Every structure is written in structure tokens, then in C-alpha cells.
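For reference, the structure is listed below as C-alpha cells.
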Amino acid sequence: KTRLVREVAGQAKARNIDFLWGVCGGCGLPYQPYLDILDQLVQRAADTLPTDELRRLLGDEARVLARYVAAFERLEPEVRPRPAPQLDPQGERVRFLSAVTAFLGRCASAQPRVVVIDEIHAADELSLQLTRHLADTLARADPPGEGPAQRFSPLALGFTLDPAETGAEEARARLS
């Protein structure tokens, strides 16, 4: 499966489609594969965009994401947002899902993107919830005024799963 993902990455890059790869498992931190992907996006944007474009791309969600994504700490002081104050756990989860969705949507509008989450069977519960949320919002979005027949989303989500691993059936059922 790793070789297949690398082949897809090569094909995406050949077509000027940004490819981002997060891996579940190991540390078991909440949202870890997505935090890795967001870190890559913020760092790439900081390396390539002028300050005003970077600010627009980061948007209001930067204050929320700054609490989770290490790349925000590496931004120049004039661009680095102050982290938003923490909410209660449920409020924080909802705010984080919304911030990730809005930020990834803006990033995908700027350039088509492929996001692959490797080893989804090892994902924590919050990462699975975020995956489902993104699939329901960004990856299935209809362009304004168009129906499903003309559906196109500049964000593609892909997952790898080892059916022999513990949690594979649960992950497959939750994401189907």
C-alpha cells in the first residue's frame, strides 16, 4: 500500500496537484495525521507566499489552529497569530473541526490537493470524526448551481487500511 500511495503522489505532483500524507498510529495523539498535514500546508505556504497572501490563506482559523500546529510557531512574528483561548472539550472539538474544514477548503481552492491518511485502522476516535466531517463537507461539496453529475472538489481524500489489523473493520464501517 505504501508503494501505491507513493505512485499516486508522483501522479498528483506531475499534474500540479499538491499531495499531503499523514500517518495514523504510533503516538496515538488526537488528530495526529491531520496535524502533520496542516503543519506541511502552513510551512509550504510560509515558504512560498508573500505576507499578505499568507495572512489571507491562514484566515481567522489561524488562531484556533495555532494551538495545535507547530508550524505556526515558526512563522514570522508579523504573521504569527496568538492562539485562541481554550474552550470546554465539546466546544473545542467543534471549533477545531470547523477551523480545519475552512482552512483546508481555502487551501484546496488555491490549488487542488490530495490528502491521504495512511493506516486509518490505527486512527484515534477524534481523527476518525474529523475524517468523516471532511468527507461530508469538503470532499462531497457541490459547486454552486451544479448537481452531483457535475461534482468536482479540489480536495480528494484517500485512505489506506490493513484489513488484518485490529480496528480495520470498525474504521471501514465508520467511513463507508
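Summary of computed values
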quantity: Per-residue HN-Hα couplings for segment 67-81 [Karplus 6.51, -1.76, 1.60; θ = phi - 60°; Hz; x = Gly/Pro]; calculated: 6, 10, 9, 4, 4, 5, 5, 8, 6, 4, x, 6, 10, 5, x
quantity: Length added when fully stretched, Leu4-Gln90, from 0.36 nm per residue minus Cα-Cα; calculated: 27.3 nm
quantity: Packing-based ranking, highest mean first, of 115-124, 84-93, 15-24 given that Cβ atoms within 10 Å are counted; calculated: 115-124, 15-24, 84-93
quantity: Highest-first arrangement of 67-77, 100-110, where packing means the average Cβ count within 10 Å; calculated: 100-110, 67-77
quantity: Amide H partners (placed H, <5 Å) of Ala156, local residues excluded; calculated: Arg113, Val114, Val115
quantity: Label-to-label distance, nm, for residues given as Ile17 and Arg106 (7 Å Cα→Cβ offset); calculated: 2.4
quantity: Shape of segment 14-54, Cα gyration tensor, a/c cut at 1.5; calculated: oblate
quantity: Structure-based [θ]222 nm, the chain - -39500 (n - 2.57) summed over DSSP H runs of at least 4, per residue, nearest 500; calculated: -15000 deg cm²/dmol
quantity: Portion, in percent, of the accessible area of the chain that falls on carbon or sulfur, probe 1.4 Å; calculated: 52
quantity: Accessible area (Å², per residue) of the chain, counting only protein heavy atoms and a probe of 1.4 Å; calculated: 55
quantity: Shape of segment 1-142, Cα gyration tensor, a/c cut at 1.5; calculated: oblate
quantity: Length gained when the stretch Arg172-Arg44 is fully extended (0.36 nm per residue, less Cα-Cα span); calculated: 42.9 nm
quantity: Charged-residue dipole, Cβ positions (Lys, Arg, Asp, Glu), the chain about Cα centre, Debye nearest 20; calculated: 360
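The values are calculated or read from the model by the stated rules, or taken from the named source; none is laboratory data. Since we're looking at a predicted model, the values are computed, not measured. Positions of Cβ are backbone-derived with ideal geometry, glycine not excepted, and every protein chain shown enters the neighbour counts. In case anyone asks, the SASA skips ligands and DNA or RNA and just uses the protein heavy atoms, side chains included. Shrake-Rupley method; radii C 1.70, N 1.55, O 1.52, S 1.80 Å.
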